[in-house]
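The next block holds one structure in the form of structure tokens; read it before the comments.
The values are calculated or read from the model by the stated rules, or taken from the named source; none is laboratory data. Just so it is clear, the structure is predicted and the values come from calculations on it, not from any experiment. When we count neighbours, we look across all protein chains shown, and the Cβ atoms used for this are built from the backbone with ideal geometry, even at glycine.
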């Protein structure tokens, strides 16, 4: 992981990225208190993907081209729930939604998984955007904390500033 000393931008990769005035600085890789997230935790936290949506996503990845009805039957969820999650996954870019004309008339939507490298790059891009936003949140918290302590004029802890209302 890398960070730009000038703008605070973050980079992740095997090679040192460039930003602003030159190469980014390596962020410490020492032991951390943070636990390694599971794939499920990562998907839920970063991509706001529920357990049900993860089930739907994995079923499409394994099953190939499927309709809402076929997916609902395979995983045992209501069709409306499956349709909602499939539409979100299509907007997210991990499955493709196509309209197929039925021989007997009418149409049905079919969902197919994007190739694994496309899904991986899509998830990676969204994760990096999330890291950037999380970094902004942490920077704001740090700034608020320093300002609150400076304004307090006391040696007492000012932790109540950070409690959610």
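Can you tell me which of (1) surrounded by fewer than 17 Cβ atoms within 10 Å (Cβ to Cβ); (2) within 14 Å of residue 119 (Cα to Cα) is the one residue 74 doesn't meet?
(2)
Looking at (1) at pLDDT below 90; (2) farther than 17 Å from residue 131 by Cα; (3) out of contact with any helix residue (DSSP H, G or I) (no Cβ under 7 Å at 6 or more places or on another chain), which is the only condition residue 98 fails?
(1)
How many residues does segment 17-52 contain that are surrounded by 17 or more Cβ atoms within 10 Å (Cβ to Cβ), assigned to a loop (DSSP other than H, G, I, E, B) and at pLDDT below 85?
So the answer is 1.
From the list 14, 55, exactly one residue is surrounded by fewer than 15 Cβ atoms within 10 Å (Cβ to Cβ) and out of contact with any strand residue (DSSP E or B) (no Cβ under 9 Å at 6 or more places or on another chain). Which is it?
Within the list 14, 55, the selection yields 14.
Can you pull out every residue in segment 84-105 that is more than 14 Å from residue 67 (Cα to Cα) and surrounded by fewer than 16 Cβ atoms within 10 Å (Cβ to Cβ)?
Selection gives 91, 93, 103, 104, 105.
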